[in-house]
Amino acid sequence: MKTLLTLTVNGEQREVVVPVHRTLLEVLREDLNLTGTKHGCELGECGTCTVLVDGEPVLSCLALPIECQGREVTTVEGMARGSELHPLQQAFAELGAAQCGYCTPGILLTAQALLETTPVPTRDEIRHALAGNLCRCTGYTKILDAVELAALRMKAPRPVSTAPAGVAHR
Amino acid sequence: MKRFSVVGQSLPKIDAWAKVVGETRYADDLVLPRMAHGKLLRSSQPHARIKRIDTARARALPGVYAVITGHDLPRVKFGILPVSQDEEALCVEKVRMVGDALAAVAAIDEETAERATELIEVEYEPLRPLMSIEETLAHPEVRIHEYGDGPNVHKAVSLEFGDVEAAFAEADLVREDAFYFEGNTHLPMEQHAAVAQWGADGKLTLWSSTQTPHYVHRLLAKILDVPQPHIRVIAAPVGGGFGGKLDPFAHEIAACKLSQLTGRPVKITLTREEVFYVHRGRHPVLMWVKTGFKRDGSITGMHFRSWLDGGAYGSYGVASTFYTGALQTVTYKIPAYKFEGARVFTNKPPCGPKRGHGTPQPRFAMECQIDKAAEQLGLDPADMRRRNLVEPFTKTANHLTVTTIGLGECIDRVVEASGWRRKFGQLPPGKGIGIGCSSYLTGAGLAIYWNDMPHSGVVVRADRSGLVAVLCGATDIGQGSDSILAYLVAEVLGIDPKDIRVHPADTDLTPVDLGSYSSRVTLMAGNAVIQAAERLRAKILDAAATKLEVPTERLVMRDRRVFVEGDQDRGMAFAQAVVLAESQLGVLAFPGSYAPPRRAGKYKGGGVGPSPCYSYSACVVEVDVDQETGEVKPAEIWIAHDVGRALNPLLVEGQVEGSIYMGLGEVLMEEQVFRKGVHKIPSMLEYKSPTTLETPEIHTILVEGDDPEGPFGAKEAGQGPLLPVIPAVVNAIASAVGVRIDEIPISPEKVLKALELKRQGKTPRVGPERLPLFTFPAPKVIESAFGQPADTVAERPFSS
């Protein structure tokens with residue numbers, strides 16, 4: 001049995017006709033082609049598939065889209081404003097916080113949720129916020145550094161830049 | 001002092017931007033028109049004969065396009081090493097482990113494919129499963145494979161360099177210790193995935209999350225019985241490898257065959273549980289080490305024995321076996337050395353290479369034994385190590401050539417940074433500090449199949465647009481190897497890394513590189529890319545020199561310009577110079593090739609261990625041990641790593657930090673263990689790995705030098721730094737609470753057991769109590785090459 005669902009994803013209204021048991025992860029990746037959201041276990045254990053629902057980190061492999069109707073879903077594709085990267089994305093790229101990059105979308109979104117509620121988190125608060133997101137490459141060090149840097153920059157007045165974000169080398 | 005413009009800078013990786021916006025397309029992100037989804041049926045039995053497989057009900061399920069068993073594939077066994085051709089993609093006669101693949105389905109979607117696998121009927125005749133080293137040696141009447149160096153013995157080796165018994169006779173202290181290192185797995189965040197498309201022209205394309213597209217390419221031809229030129233393998237960006245994506249796998253082969261039969265592209269993505277069974281990870285190794293020490297802490301000789309639990313197949317196991325005995329000799333002076341090793345088959349997922357491949361286990365044993373000896377001799381363990389370092393540019397007992405060695409500085413720097421002098425032996429009870437040192441290859445000296453061709457090939461292409469493209473078969477698995485190639489080309493050509501495109505490994509388009517293993521890419525592909533870029537540079541300079549009417553030697557390339565040294569205005573833009581060169585010569589595409597110097601020892605097994613150069617690391621760990629619960633908490637870690645020249649310090653730090661993290665997981669948590677043939681904990685929740693909360697602050701110190709073998713002097717960074725953290729933690733626990741845990745991972749239970757023994761006045765040690773009854777082959781006695789000067793640098797193949 002399939003159901004028509006209306007979802008708001010990254011600020012756009014999208015309609016999908018899917019079986020009701022289809023997970024949010026599957027709908028995002030397979031029906032909406034938003035493959036930026038990754039999967040590491042599909043059992044809610046690794047945090048890789050994290051997206052934001054109304055700003056809260058949610059494991060999309062365990063979430064049902066039917067519960068997300070009328071709520072705002074944000075994936076990694078929704079973090080940048082046009083070509084301007086989110087400060088977290090910028091900091092992650094600059095500081096080498098993404099090695100293989102597979103856990104990166106989930107960690108970015110979890111960190112974004114943290115910075116919404118705690119604009120200047122301590123290192124320990126960052127550790128606690130990210131404790132549910134596994135990363136096998138980085139030893140977390142550069143990830144913690146990048147979240148700190150992004151928080152710092154978001155607090156400071158934004159510098160004016162004409163270069164498209166992501167193209168500048170440093 | 002040479003001035004670098006790109007080398008040595010902490011630049012972002014060239015693929016960082018794509019990764020932070022979710023643009024990077026990993027294998028499972030690929031979707032092709034009409035694509036079918038595949039699933040494998042895997043064995044539920046650890047050891048059984050297959051009496052019958054009936055796929056009729058699966059075939060009848062609506063939405064199923066094809067079902068295959070091993071009978072649909074050529075009946076040919078394969079394996080990554082030419083000496084261990086013992087695998088089948090889909091087992092026909094026998095299964096040797098839970099998780100062995102038996103059949104594969106292609107269907108309209110994943111759910112249908114999975115349902116179809118459940119409809120396949122398999123009748124087994126169970127055989128006795130052999131689940132441990134002891135059990136498999138005790139039951140020679142049960143045979144897992146019909147080949148090897150004895151019943152259930154895959155490989156048994158014995159080598160002696162110099163007279164070890166005479167060395168022990170000279171010693172003031174001879175120690176014998178036994179250690180056990182439990183197996184663990186890579187746990188990459190990305191589950192393996194492959195998409196195969198067998199075109200109507202009879203040609204096959206495979207996209208796969210593989211670290212070794214070249215080896216997959218070679219083996220697919222054999223496995224599928226298709227001419228190799230008709231196969232194209234494209235490496236998708238790898239979402240974490242660590243050695244776990246180095247073999248050809250059943251899902252890749254099944255996807256190809258299913259695509260041929262259905263006329264559709266077929267994707268197979270493994271589940272997390274399947275990844276645990278696919279494994280090829282760290283071998284469980286039981287070890288015995290006997291070492292002679294002088295009063296001053298110097299080593300007179302060492303005898304090392306290892307028994308490896310290999311699991312159900314050969315995989316890289318012969319190399320793993322030799323690696324458990326190869327690199328003991330490259331850190332401290334060991335004039336006489338004997339190694340005996342045996343790898344056995346058991347009915348568990350096959351072990352293979354994981355970060356450090358076969359060397360973290362013996363390094364743990366050796367560094368812990370040295371600590372015990374230091375205590376007995378009343379020496380400071382850091383000083384004892386520092387005084388006995390191998391001399392640079394000499395050979396070891398087992399004929400390995402060491403070039404530069406920065407281990408002395410590494411030890412000094414971590415001792416200084418950690419406050420070792422005021423902490424060692426002086427911290428309050430429950431707190432301790434320990435040290436460990438290590439070394440690792442910068443690329444294996446030999447390919448896994450014998451040949452005289454380059455280990456790494458590159459083409460650098462430039463054209464009138466000013467674009468520079470790098471074509472290389474190397475695979476970026478997150479370590480940043482594509483970026484390293486871009487930095488090196490940018491350095492040579494005086495342009496910006498962002499002007500360079502590095503293309504992913506594609507066997508149709510990119511010259512062969514052997515793959516991302518043995519920490520070889522920066523050095524080997526790096527040297528090849530420098531050669532190619534220098535050839536291009538020479539042509540560009542010639543063309544510009546003619547135009548500017550100056551001798552070539554007076555020109556420099558920098559800041560995207562070609563100009564007369566000292567007169568920036570007298571010159572032209574890089575792109576203009578390329579136009580001149582292209583006008584003169586036609587297409588500008590230059591090859592670079594690299595093969596390591598031929599230094600393998602002239603004995604059987606001498607091919608495992610040689611490397612162009614070795615990295616060195618020293619690590620100090622401070623731990624808190626809770627004597628009530630047995631819990632061990634690493635409080636702080638200092639590591640110094642001799643990386644030669646850090647081509648990009650940011651990326652080197654990232655490799656070091658990731659290695660430390662992975663070592664911590666291995667020493668305190670991670671274990672791949674089984675009950676009745678079934679993995680006890682095949683999930684990311686239960687297979688404990690460190691989170692942000694268990695990973696302490698890591699202080700990374702890069703010790704730089706200039707190794708003559710490395711590209712601009714660089715050595716490896718991706719594996720070596722994992723090695724010292726394990727013994728450093730164990731030694732720190734000993735200094736904290738006075739107990740010795742000779743078996744990892746170190747669970748709270750083991751610590752409590754050792755503390756209890758201490759309270760009872762018994763030897764406060766937990767570790768292996770007995771060793772297997774096993775007769776190693778008679779040793780090959782070879783003259784020790786210890787202390788001999790390194791050969792004057794022989795002409796490297798392809799160097800001119």
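Hey, among B:519, B:481, which residue is within 14 Å of chain A (Cβ to nearest Cβ), touching a residue at least 24 places away in the same chain (Cβ under 8 Å), under 26 Å from residue B:597 (Cα atoms) and within 20 Å of the chain's Cα centre (by Cα)?
None of the other options fit; the residue is B:481.
Name the one entry in A:69, A:90 that is among the polar types (S, T, N, Q) and away from every other protein chain (no Cβ under 13 Å). Reasoning before the result, please.
Numbers: A:90 fails: away from every other protein chain (no Cβ under 13 Å).
Every option except A:69 fails the conditions.
I'd like to check something: does the range B:664-672 contain any residue that is crowded, with 24+ Cβ neighbours inside 10 Å and either in contact with a Leu (Cβ under 6 Å, 6 or more places away or on another chain) or not assigned by TED's automatic domain parsing to the domain that holds residue B:700 (or both)?
no
For the range A:33-52, how many residues meet the condition of being surrounded by fewer than 19 Cβ atoms within 10 Å (Cβ to Cβ) and hydrophobic (A, V, I, L, M, F, W, C)?
Qualifying residue count for the region: 1.
Do you know which of the residues in the range B:1-43 that are of a type in the set (Ser, Thr, Tyr) and more than 10 Å from chain A (Cβ to nearest Cβ) is farthest from the chain's Cα centre (by Cα)?
Kept after step one, since they are of a type in the set (Ser, Thr, Tyr), are these residues of the range B:1-43: B:5, B:10, B:24, B:26, B:43.
With the extra rule that they be more than 10 Å from chain A (Cβ to nearest Cβ), the set shrinks to B:5, B:43.
Numbers: B:5: 31, B:43: 28 Å.
In this case the residue turns out to be B:5.
So residue A:50 passes all but one of these: (1) without any contact (Cβ under 8 Å) to a residue 12 or more places away in the chain; (2) under 11 Å from the mean Cα position of the chain (by Cα). Which condition number does it fail?
Tallying (1) without any contact (Cβ under 8 Å) to a residue 12 or more places away in the chain; (2) under 11 Å from the mean Cα position of the chain (by Cα), residue A:50 fails exactly one: (1).
Have a look at B:386, B:282 and point out the one that is surrounded by fewer than 24 Cβ atoms within 10 Å (Cβ to Cβ) and in contact with a helix residue (DSSP H, G or I) (Cβ under 8 Å, 6 or more places away or on another chain).
B:386
Looking only at the range B:389-410, which residues are surrounded by fewer than 24 Cβ atoms within 10 Å (Cβ to Cβ) and in a strand (DSSP E or B)?
B:389, B:394, B:395, B:402
Can you pull out every residue in the range B:562-615 that is buried (at least 22 other Cβ atoms within 10 Å of the Cβ) and without any contact (Cβ under 8 Å) to a residue 24 or more places away in the chain?
Answer for the range B:562-615, where residues must be buried (at least 22 other Cβ atoms within 10 Å of the Cβ) and without any contact (Cβ under 8 Å) to a residue 24 or more places away in the chain: just B:563.
Name the residues in the range B:169-197 that are of a type in the set (Gly, Ala, Ser), buried (at least 24 other Cβ atoms within 10 Å of the Cβ) and out of contact with any helix residue (DSSP H, G or I) (no Cβ under 7 Å at 6 or more places or on another chain), would you?
Of everything in the range B:169-197, just one residue is of a type in the set (Gly, Ala, Ser), buried (at least 24 other Cβ atoms within 10 Å of the Cβ) and out of contact with any helix residue (DSSP H, G or I) (no Cβ under 7 Å at 6 or more places or on another chain), namely B:183.
Among the candidates B:166, B:221, B:235, single out the residue that is buried (at least 22 other Cβ atoms within 10 Å of the Cβ) and modelled with pLDDT of 95 or more.
Matching residue, one of B:166, B:221, B:235: B:235.
Which members of the range A:3-39 meet the condition of being among the β-branched types (Val, Ile, Thr) and more than 14 Å from chain B (Cβ to nearest Cβ)?
Residues satisfying the conditions are A:3, A:6, A:8, A:16, A:17.
Please go through the range B:416-440 and give me each residue that is in a helix (DSSP H, G or I) and either within 24 Å of the chain's Cα centre (by Cα) or closer than 18 Å to residue B:656 by Cα (or both), ordered by number.
B:417, B:418
Here's a check for you: in the range A:103-137, which residue that is in contact (Cβ under 8 Å) with a residue 40 or more places away in the chain and farther than 23 Å from residue B:662 by Cβ is farthest from the other protein chains (Cβ to nearest Cβ)?
A:116
Suppose we filter B:106, B:48 for residues that are among the hydrophobic types (A, V, I, L, M, F, W, C), more than 27 Å from residue A:30 (Cβ to Cβ) and at pLDDT 95 or above; which single one remains?
B:48 is the lone residue from the list that is among the hydrophobic types (A, V, I, L, M, F, W, C), more than 27 Å from residue A:30 (Cβ to Cβ) and at pLDDT 95 or above.
Looking only at the range B:198-216, which residues are buried (at least 24 other Cβ atoms within 10 Å of the Cβ) and either touching a helix residue (DSSP H, G or I) at 6+ places or on another chain (Cβ under 9 Å) or more than 21 Å from residue B:478 (Cβ to Cβ) (or both)?
Scanning the range B:198-216 gives B:198, B:206, B:207, B:208, B:209, B:210, B:216.
Identify the single condition in (1) part of a helix (DSSP H, G or I); (2) surrounded by 17 or more Cβ atoms within 10 Å (Cβ to Cβ) that residue B:538 does not satisfy, given that it satisfies every other one.
(2)
Could you please give the count of residues in the range B:166-196 that are closer than 22 Å to residue B:78 by Cβ and touching a Ser or Thr at 6+ places or on another chain (Cβ under 8 Å)?
Within the range B:166-196, residues that are closer than 22 Å to residue B:78 by Cβ and touching a Ser or Thr at 6+ places or on another chain (Cβ under 8 Å) number 5.
When you look at residue B:463, is it under 26 Å from residue B:16 (Cα atoms), crowded, with 24+ Cβ neighbours inside 10 Å and among the charged types (D, E, K, R), yes or no?
no
Looking only at strands (runs of 3 or more DSSP E) that lie completely in the range B:587-651, which have at least 3 residues being β-branched (Val, Ile, Thr)?
In the range B:587-651, B:614-625, B:632-644 are the strands (runs of 3 or more DSSP E) which contain 3 or more residues that are β-branched (Val, Ile, Thr).
The values are calculated or read from the model by the stated rules, or taken from the named source; none is laboratory data. Just so we're clear, the structure is a prediction, and the values are computed from it rather than from any experiment. Every residue, glycine as well, gets a Cβ built from its backbone with ideal geometry; the counts of neighbours run over all protein chains shown.
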